[in-house]
Amino acid sequence: MFHITNFSEYEKAYKQSVEEPEVFWKEIASYFQWNKPFTKVLNWNFNEPKIEWFIDGKLNITENCIDRHLPSKKNAIAFYFEPNEANGVRISVTYQKLYEEVCKLANCLKSTGVESGDRVCIYLPMIPEAVYAMLACARIGAAHSVVFGGFSAQALKDRINDSACKVVLTSDGAYRGNKQIPMKATVDEALVDCPSIEKVLVYKRTNQAITLKAGRDLDWETEVNKQAAVCAPTYVDSEHPLFILYTSGSTGKPKGVLHTTGGYMVYTAYSFKNVFQYNENDIYWCTADVGWITGHSYITYGPLLNGATSLVFEGVPTYPDAGRFWKIVDTYNVTHFYTAPTAIRALEAAGLDFVKPYNLSSLKVLGSVGEPINEEAWHWYNTNIGKNNCPIVDTWWQTETGGILISPLAGITKTKPSYATLPLPGVQPMLVDDKGNEIIGNNVEGNLCIKFPWPSIIRTTYGDHERCRQTYFASYTNLYFTGDGCKRDENGYYRITGRVDDVINVSGHRIGTAEVESAINMHEAIVESAVVGYTHDIKGQGIYAYCIVTGDYANEETLKKEILETVTKHIGAIAKPDKIQLVKGLPKTRSGKIMRRILRKVAENDFSNLGDTSTLLDPTVVEEIKKGRV
Ligand code: WT7
């Protein structure tokens, strides 16, 4: 198999992956089931960009996730489902059950008219059906577009329309801690303006009141139970779209990052196995939501491709109390636990009394993802959860990279707090200065690029290939640009320091400042706004909004509340500013460019080195902004 078991094997694999990448990946790809073998491993050109892996190969990824394991693992658990309510109904999904559920849903999608190449929107809570839904799409060659349940009707509508989805898979509502969230009502609101949608399949989770539109809306269980529990996989080309996932950038609307089938399969399986060092009988738990890339690659595809047993959790870390994660680890004897620094910090803040009652001795590997993990949180995690006995894999990657690119291999790579350490085999990082010159040697810092394709690299942004080129491949010739700043220490270890563009990372979620600004500007009392990130104890970064008000408003408090409502309506609650400052003007250069550097410093409460403000159009606004800091 492709399992790396010690550091010298890692070094050997890495060396080969750079010297003979096609030989290297061909060997790894040979462990999968191909309906028709590929004839060439790689075609690539970063300038267009055009990237193709495992050319001419035909396959179905679900055959590799499910069917392939059935002879030996029919009755093995693919995943356990832990509901939001600690005393709710638990479910164990065997590989056989997974097969049947996916086949029935795939047949159901076919009966609603979905064909290979179509797009299907998935707007569901973290329930087994979300995993079935992704796999059912893949079973028949349809691309899924999962939209996180926290996004608003407006955001959902934009995503559905951008990729012209034919069907939406949703539920009546969702449980989230002590709240019940409407899902179907949000879908209804979005669909007022979604001409491509033909059918909506509604799963009953909460049994809250909903309306069904005749001819469009179908009851999930009724429809699925009509179907046969067998569905032959649709074989697709290796480069056939597998899914679209929307993500925010520094400008404009979210982009639909497109991943294709063969390369994504090979890389997520390979990285899952080697980063986590998952072995037979281990119980792996990733706390992400399928609405994000982590949920795609390391809840659904990576673990299932490896025939793993994992856990799907519907709830939140702090319900019914801040001991929930540790209680679950204890209950299921979780061996591999993968979460985000923001959750670690929040649980640290809740105190050790929530950790102490539970037996965490089953844990072998801890993971971190989504944002830089600060040293303090790293040590807390290491000491109190890992009991100084579990390697921490700080995994750096992105929606666009499809899988983990820089990370320790658990127990194999020596870790260093706050460092993602070394690249996986096949990944060739490069640091460049602003002009694009390579920064060589160690003890250096620069912009992080990757100079050679790996199998799960983004192929395009849906419907707008030029935008993909501009965003990732145009900043530096012949390089994929990540948007992250990065240090390389004396041993060649990488430490990702955060975004160097106008993107804020709030609780591990990527928020584009331009998007928040355009939502705020929808409020009729706001003429213009500027949004920046600032250091936040729990969330990593918080959102600070400077808003220029015009005309009348009742009072400051009401206006701020309305601004928050406007953002919630246009994007979702996750993008709500933490701080709002009403201002008369923004620091702009004579050419009209907002000096965000100044705004960032004020938001951080750091008034030193604001630079030469005399070149500003109106230097007095800086004083006003400093005085009015919230
Ligand atoms: C951005 C990607 C990767 C899945 C979840 C987020 C930041 C991610 C780390 C890490 C430091 C990290 C980067 C990256 N990031 N992991 N281990 N250390 N920063 O996916 O929404 O596509 O965001 O998250 O800034 O560019 P995403």
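Here, each number is a calculation from the coordinates, and none is a lab measurement. In this text the structure is predicted, and so the values were computed from the model without any measurement. Neighbour counts run over all protein chains shown; Cβ positions are idealised from the backbone, glycine included.
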> To the nearest whole percent, what portion of all C-alpha pairs in the stretch 205-335 is separated by more than 24 angstrom?
Replying inline: 53
> What is the ratio of the Cα radius of gyration of the stretch 507-627 to 2.2 N^0.38 Å, where N is its residue count, to two decimals?
Replying inline: 1.04
>> For a bin width of 10 Å, list the pair-distance distribution of the chain built from all Cα-Cα distances, rounded to whole %.
In response: 3, 16, 27, 28, 18, 7, 1, 0
>> As a footprinting exposure proxy, order ARG345, ARG216 by other Cβ within 10 Å, with the fewest listed first.
In response: ARG216, ARG345
> Cα-based count: Lys pairs in the stretch 576-630 below 16 Å, eight or more positions apart or different chains?
Replying inline: 9
> Any idea how far the Cα center of the stretch 112-161 sits from the one of the stretch 491-540, in Å?
Replying inline: 26
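For the pairs LYS97/LYS356; LYS36/LYS199; LYS12/LYS487, flag any whose C-alpha to C-alpha distance is greater than 28 Å.
LYS97/LYS356; LYS36/LYS199
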>> Given contacts defined as C-alpha pairs under 8 Å and at least six residues apart, what's the relative contact order of the chain, whole-number percent?
In response: 12
>> How far apart, in nanometres, would the label points at THR535 and LYS569 be if each is projected 7 angstrom from Cα along the Cα-to-Cβ direction?
In response: 3.7
> In whole Å, what is the distance between the alpha-carbon centres of the stretch 614-630 and the stretch 392-458?
Replying inline: 39
> What Kirkwood hydrodynamic radius, in Å, does the stretch 456-550 give when the mean of 1/r is taken over all pairs of distinct Cα atoms and then inverted?
Replying inline: 15.8
> Share of antiparallel DSSP beta bridges in the chain, in percent to the nearest 5?
Replying inline: 60
>> Check which residues have an amide H placed less than 5 Å from VAL506's amide H, if you skip close sequence neighbours.
In response: ILE511
>> Using Cβ counts within 10 Å as a stand-in for footprinting exposure, how do HIS570, HIS509 rank, fewest first?
In response: HIS570, HIS509
>> Report the rotationally averaged projected area of the stretch 148-208 based on its alpha-carbon convex hull, in square nanometres.
In response: 3.9
> Computed on alpha carbon atoms, what radius of gyration and Dmax characterise the stretch 164-279, expressed in Å?
Replying inline: 18.3, 50
> Cysteines of the chain lacking any other cysteine beta carbon under 4.7 Å?
Replying inline: CYS65, CYS108, CYS137, CYS194, CYS286, CYS390, CYS449, CYS468, CYS486, CYS547
> Normalised by the residues of the stretch 250-363, what does the relative contact order come to in percent, with Cα pairs under 8 Å and at least six apart?
Replying inline: 27
> How high is the relative contact order of the stretch 433-486, in percent, counting Cα pairs under 8 Å that sit 6 or more residues apart?
Replying inline: 47
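Determine, for each peptide in 135-146, 485-496, 418-429, 225-236, the mean count of other beta carbons within 10 angstrom over its residues, then list the peptides with the highest first.
With the highest mean Cβ count within 10 Å placed first, the list reads 135-146, 418-429, 485-496, 225-236.
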> Taking only the alpha carbons of the stretch 295-389, what extent do you get along each of the three principal axes, in Å, biggest first?
Replying inline: 37, 29, 26
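For LEU479, LEU582, LEU124, which order do you get if you count the other beta carbons within 10 Å of each Cβ and list the fewest first?
The most exposed by this proxy come first: LEU582, LEU479, LEU124.
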>> For q values of 0.17 Å⁻¹, compute log₁₀ I(q)/I(0) with the Debye formula on a Cα-only model of the stretch 403-491, without solvent.
In response: -0.78
